[in-house]
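One structure is given here, and the rest of the page talks about it.
The values are calculated or read from the model by the stated rules, or taken from the named source; none is laboratory data. What you see is a predicted model, and the numbers here were worked out from it, not measured in a lab. For neighbour counting, all protein chains shown are included, and Cβ atoms are generated from backbone atoms with ideal geometry for every residue, glycine included.
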Amino acid sequence: MAHAVNPEADALLDKEFPVLDHGFVRLVDYLGGDDRIVQSARVSYGKGTKTVREDKGLIDYLMRHLHTSPFEQVILSFHLKMPIFVARQWVRHRTARMNEISGRYSVMRDEFYVPPAGAVHFQSKTNKQGRDEETPVPAEVVESVRETLAGENRETYASYEKMLEDGISRELARINLPLSLYTEFYWQMDLHNLFHFLNLRLDAHAQLEIRLYAEVIANIVKTVAPYAYESFERNIRYGRRFSSDEIEEIKRLAAGEEPQLTGRKLREFREKLGLPAD
């Protein structure tokens, strides 16, 4: 199997894509692309024995039927810089290989995330873990929140520097640094699991800050494996899976019968169909 060559993806290597106020995404390396998926699925075929149209069709078939192992042949490695609270969400995706900067060995930089005014929202009344992006926050409250966050970041970092100056060990001096502090790490994941990551973190219910990183990574993946990414969007990201109860409800609707789902199940079903909750 020949080494994958993708000039468009090569042009992205080592290029920093800014995210938030101090963060970035950088593609360090990649292994394989659409050709690798096709070749691993058709182990017995040589290169050039199938047309582009057939290759796209095969990739779409694999995605549609959840034949995931050929997608695991493609691997992407990233250098990421993000606030610690975003990184703690990130590491929930345990199928990656990761190496993070250590505050035991390095002096942490004076870099903290302060949300822009447009990202300051009230707590959602319907989503226990999210923001209400519809109700405007008064400008004076927004500025108070931002000033409080920035001020406390400065104070905490000054205390950190003072402890270092006094000879306190780095591993102890760091422990009061806030979740808004930026961290960096290398992160490697195969394409199958990366699609799972993107499906969750591109979703409108994901936290805004991690969505912004996911959007940049999605554009990189789209360049490395365009046919696979197109199929991911069609079948996974914008596709829907229905439970047996929901399938029965679809049959009832098609037959003109009264719906039977109620409560949360009904709301989730309508959401899948792109219909209003009520």
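Data table
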read-out	value
Given (1) under 29 Å from Phe85 (Cα atoms); (2) outside any loop (DSSP other than H, G, I, E, B), index of the condition Leu266 fails	(1)
Residues within the range 193-215 that are in contact with a helix residue (DSSP H, G or I) (Cβ under 8 Å, 6 or more places away or on another chain), touching a residue at least 60 places away in the same chain (Cβ under 8 Å) and in a loop (DSSP other than H, G, I, E, B), tallied	1
Residues being exposed (fewer than 10 other Cβ atoms within 10 Å of the Cβ) and either at pLDDT 90 or above or touching a Lys or Arg at 6+ places or on another chain (Cβ under 8 Å) (or both) - total across the range 263-276	1
Answer residue from the range 66-100, given it is among the aliphatic types (A, V, I, L, M) and not in a loop (DSSP other than H, G, I, E, B) and is farthest from Thr183 (Cα to Cα) among those	Ile75
Qualifying residue in the range 16-32 (condition: farther than 29 Å from Leu172 by Cα, loosely packed, with under 14 Cβ neighbours inside 10 Å and at pLDDT below 95)	no
Boolean, Gly103 is in a helix (DSSP H, G or I) and modelled with pLDDT under 95	no
Failed item in (1) surrounded by 15 or more Cβ atoms within 10 Å (Cβ to Cβ); (2) closer than 30 Å to Glu16 by Cα, with Asp55 passing the rest	(2)
Condition met for Ala218 (more than 23 Å from Arg92 (Cα to Cα), modelled with pLDDT of 95 or more and either part of a helix (DSSP H, G or I) or of a type outside the set (Phe, Trp, Tyr) (or both))	no
Scope the range 67-110; condition closer than 18 Å to Val28 by Cβ and basic (Lys, Arg); matching residues	Lys81, Arg97
Evaluation of Arg97 against (1) modelled with pLDDT of 95 or more; (2) loosely packed, with under 13 Cβ neighbours inside 10 Å; (3) in contact with an Asp or Glu (Cβ under 9 Å, 6 or more places away or on another chain) (one fails), failing number	(3)
Options Arg154, Arg201, Arg237: the member that is buried (at least 18 other Cβ atoms within 10 Å of the Cβ) and either outside the structural domain of Asp34 (by TED's automatic domain parsing) or charged (D, E, K, R) (or both)	Arg201
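Residues checked against (1) exposed (fewer than 12 other Cβ atoms within 10 Å of the Cβ); (2) more than 27 Å from Ile210 (Cβ to Cβ); (3) out of contact with any Pro (no Cβ under 7 Å at 6 or more places or on another chain):
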| residue | (1), (2), (3) |
| --- | --- |
| Gly118 | yes, no, yes |
| Ser124 | no, no, yes |
| Arg131 | no, no, yes |
| Pro138 | yes, no, yes |
| Val142 | no, no, yes |
| Ala150 | no, no, yes |
| Leu164 | no, yes, yes |
| Arg170 | no, yes, yes |
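The rows are residues; the columns are (1) under 26 Å from Val28 (Cα atoms); (2) of a type in the set (D, E, K, R).
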{"residue": "Phe185", "(1), (2)": "yes, no"}
{"residue": "Leu198", "(1), (2)": "yes, no"}
{"residue": "Ala204", "(1), (2)": "no, no"}
{"residue": "Ala214", "(1), (2)": "yes, no"}
{"residue": "Leu253", "(1), (2)": "no, no"}
{"residue": "Glu268", "(1), (2)": "no, yes"}
